[in-house]
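S.K.: Before we start, here is the structure in question, set down as structure tokens.
The values are calculated or read from the model by the stated rules, or taken from the named source; none is laboratory data. Computed from a prediction, not measured in an experiment: that's the story for all the values here. Neighbour counts are summed over all protein chains in view; Cβ atoms, including those assigned to glycine, are modelled from backbone coordinates with ideal geometry. Surface accessibility is based on the protein's heavy atoms, side chains included, excluding ligands, DNA and RNA. Shrake-Rupley method; radii C 1.70, N 1.55, O 1.52, S 1.80 Å.
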Amino acid sequence: MAKSVLDRFKIRKGKVFEAPLEEAFGRLVTPFEEFIHRQSSSGILLMLSALVALIVANSPLQDAYKHLLHVPISIGSGDWELSLSLHHWINDGLMAIFFFLVGLELKREFLVGELSDLRQAVLPVMAAIGGMVVPALIYNSLNSGSAAEPGWGIPMATDIAFAVGCIALLGNRVPRAVVTFLVALAIVDDLGAILVIAIWYTEQVNTTALIASGFLVVTMGLLNAAGIRRSSAYVFIGILLWYGLYKAGVHATLAGVITAMALPAKPKYDPVAFSTFVKDIIRSFDRYFRPGDKIIANDALHARVMALGNGVNLAQSPLQRMETRLHIPVGFIVIPIFALANAGIPFDSFSSSTAVLNPVTLGVIGGLVVGKLIGIVGATWIGWKLGWGKLPKAANFQHIIGVALLAGIGFTMSIFIAELAFSSQYELLIQAKAGILLASVISGVAGFLILRSAPASVDSEDELQDVAGRESSDNFLPPHSAP
């Protein structure tokens with residue numbers, strides 16, 4: 001595999017140094033890299049983590065599991081000491097990285113993605129709004145005026161990793177435009193969830209800390225305006241912002257979204273400038289090269305290789321580089337840890353008569369399964385009939401119904417909001433989590449079956465573009481699986 005990848009460069013002169021076991025290692029690594037870059041693999045790991053949490057929470061390890069989550073961890077000292085339980089560090093600290101990635105995806109989508117074109121964005125935006133409003137109304141109709149009313153935001157969310165993971169299992173049976181529609185919908189859904197958290201799940205505000213946080217936000221804006229491109233500068237201020245928002249009483253994970261929005265989205269070199277830069281470096285490299293030279297022993301050659309590497313980075317925006325770097329740690333470390341810490345539901349905390357038949361669990365299930373279906377399909381149909389937007393290419397309303405059901409997989413964000421809504425009401429929290437898990441299973445299976453039975457249609461134009469793209473890339477670089 002490694003050798004076949006190198007062969008695509010069509011090297012005709014010079015030596016390619018390959019260790020005896022390198023080709024075998026390539027056969028092992030390359031499929032693994034392709035696997036971990038698939039959203040479906042992240043969804044599978046998330047599901048396994050949730051399953052492990054459920055098993056542990058209902059095993060003899062139950063007490064140790066609870067104790068571990070409540071172990072206090074302190075950072076700093078004196079007036080600057082911050083002491084939180086492991087559970088809070090995961091939900092407030094580690095999840096800030098998840099929200100950072102969500103913010104990067106939001107910014108990219110609105111700048112250059114599917115949501116940058118108003119005509120293309122209308123239906124996914126309408127579908128997302130319908131898929132947030134109707135579930136909240138269904139939940140509220142069952143819990144209005146009760147202690148469980150603050151949980152109305154729980155069924156509004158969609159878990160993009162799970163949803164895309166389910167749709168990916170169907171392969172080419174689902175038109176690519178339908179997958180794009182689902183991703184755009186989920187991105188807008190994430191934005192809605194962020195606004196809900198910021199506005200309705202904020203505690204009593206500390207004005208002094210909030211003003212200090214505002215100063216940090218302005219500082220990041222000034223860094224962007226000044227052309228500062230080092231991501232580390234924004235991340236450092238983002239960490240201070242996290243602390244400021246935590247002290248202000250605003251949910252600290254929002255610091256991740258704000259930092260992402262401040263990160264520069266423009267590269268230093270456009271494609272023409274980058275091409276010119278690379279050609280100049282290569283010509284300079286060739287001028288300094290002498291037969292028998294080695295890069296490790298020739299400072300001039302090494303300097304040009306270093307310059308080329310720096311140029312490659314400058315041809316990508318800081319936003320693009322950071323988003324690419326974060327996909328794997330967030331999908332394969334942050335979210336699974338969150339699931340392990342939050343999906344553990346001890347079944348013995350229910351009485352048999354209230355295990356499912358309670359307003360909270362029914363409200364969450366009704367919102368995620370029925371509410372998402374009615375809201376997304378209804379809003380899409382209205383936008384389509386009014387001529388405000390077009391259905392995804394090669395799609396029909398059976399595909400939209402399947403997508404609407406998959407959007408009912410609320411897992412990560414729904415559990416996160418449940419933790420905020422019922423932070424001091426353990427019984428209601430457990431009931432909400434039970435509803436989230438049951439609804440996610442029902443929605444996932446139903447959506448998969450609906451899409452599986454939908455007529456498979458091939459978008460020939462997209463397929464031709466895909467082939468052209470592959471042929472073009474084969475002439476320059478080996479294939480790379482996008483995260």
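S.K.: Any residue at all in the stretch 225-245 that is farther than 30 Å from A127 by Cα, touching a Gly at 6+ places or on another chain (Cβ under 8 Å) and in a loop (DSSP other than H, G, I, E, B)?
M.R.: To start, the set of residues in the stretch 225-245 that are farther than 30 Å from A127 by Cα comprises 225-245.
With touching a Gly at 6+ places or on another chain (Cβ under 8 Å) added as a condition, the list becomes 238, 242.
Subset that is in a loop (DSSP other than H, G, I, E, B): none.
Among the residues of the stretch 225-245, not one is farther than 30 Å from A127 by Cα, touching a Gly at 6+ places or on another chain (Cβ under 8 Å) and in a loop (DSSP other than H, G, I, E, B), which makes the answer no.
S.K.: Quick one: would you say I409 is open to solvent by less than 20 Å² (accessible area, probe 1.4 Å), within 27 Å of T202 (Cβ to Cβ) and part of a loop (DSSP other than H, G, I, E, B)? Lay out the reasoning, then the answer.
M.R.: Numbers: open to solvent by less than 20 Å² (accessible area, probe 1.4 Å): yes; within 27 Å of T202 (Cβ to Cβ): yes; part of a loop (DSSP other than H, G, I, E, B): yes.
For I409, the condition - open to solvent by less than 20 Å² (accessible area, probe 1.4 Å), within 27 Å of T202 (Cβ to Cβ) and part of a loop (DSSP other than H, G, I, E, B) - is met.
S.K.: Tell me whether the stretch 378-387 contains one or more residues that are of a type outside the set (S, T, N, Q), touching a Phe, Trp or Tyr at 6+ places or on another chain (Cβ under 6 Å) and touching a residue at least 40 places away in the same chain (Cβ under 8 Å). Can you show your working first?
M.R.: Step one: of the stretch 378-387, the residues of a type outside the set (S, T, N, Q) are 378-379, 381-387.
If we keep only those that are touching a Phe, Trp or Tyr at 6+ places or on another chain (Cβ under 6 Å) too, we end up with none.
No, the stretch 378-387 has no match at all.
S.K.: Within the stretch 102-116, identify whether any single residue is buried (at least 18 other Cβ atoms within 10 Å of the Cβ), among the small types (G, A, S) and closer than 27 Å to K433 by Cα, and answer yes or no.
M.R.: Within the stretch 102-116, one or more residues are buried (at least 18 other Cβ atoms within 10 Å of the Cβ), among the small types (G, A, S) and closer than 27 Å to K433 by Cα.
S.K.: In this structure, does R290 turn out to be of a type outside the set (V, I, T) and over 37 Å from the mean Cα position of the chain (by Cα)?
M.R.: yes
S.K.: Taking Q398 and the conditions (1) farther than 16 Å from I450 by Cα; (2) assigned to a helix (DSSP H, G or I), which numbered condition does it fall short on, given that it satisfies the others?
M.R.: (1)
S.K.: Another one. Determine, yes or no, whether V205 is open to solvent by 10 Å² or more (accessible area, probe 1.4 Å) and at pLDDT below 85.
M.R.: Working: open to solvent by 10 Å² or more (accessible area, probe 1.4 Å): yes; at pLDDT below 85: yes.
Answer is yes for this residue.
S.K.: If I ask for residues that are closer than 24 Å to M413 by Cβ and part of a helix (DSSP H, G or I), which ones from the stretch 205-224 would you list?
M.R.: Filtering the stretch 205-224 down to residues closer than 24 Å to M413 by Cβ leaves 205, 213, 217.
The answer is S213, V217.
S.K.: Could you list, in sequence order, all residues of the stretch 360-377 that are surrounded by fewer than 21 Cβ atoms within 10 Å (Cβ to Cβ) and over 17 Å from A446 (Cβ atoms)?
M.R.: If the condition is that a residue be surrounded by fewer than 21 Cβ atoms within 10 Å (Cβ to Cβ) and over 17 Å from A446 (Cβ atoms), then L362 is the only one that fits.
S.K.: While we're looking at this one, here's another question. Looking at the stretch 225-243, which of its residues are open to solvent by 50 Å² or more (accessible area, probe 1.4 Å) and either within 30 Å of S83 (Cα to Cα) or not hydrophobic (A, V, I, L, M, F, W, C) (or both)? Give the steps one after another, and end with the answer.
M.R.: At the first step, the residues of the stretch 225-243 found to be open to solvent by 50 Å² or more (accessible area, probe 1.4 Å) are 225-226, 228-230, 232, 235-236, 239-240, 243.
Correct list: R229, R230, S232, V235, F236, I239, L240, Y243.
S.K.: Mind listing whichever residues of the stretch 139-151 are outside any loop (DSSP other than H, G, I, E, B) and surrounded by fewer than 24 Cβ atoms within 10 Å (Cβ to Cβ)?
M.R.: Passing the criteria: N140, S141, L142, N143, E149, P150.
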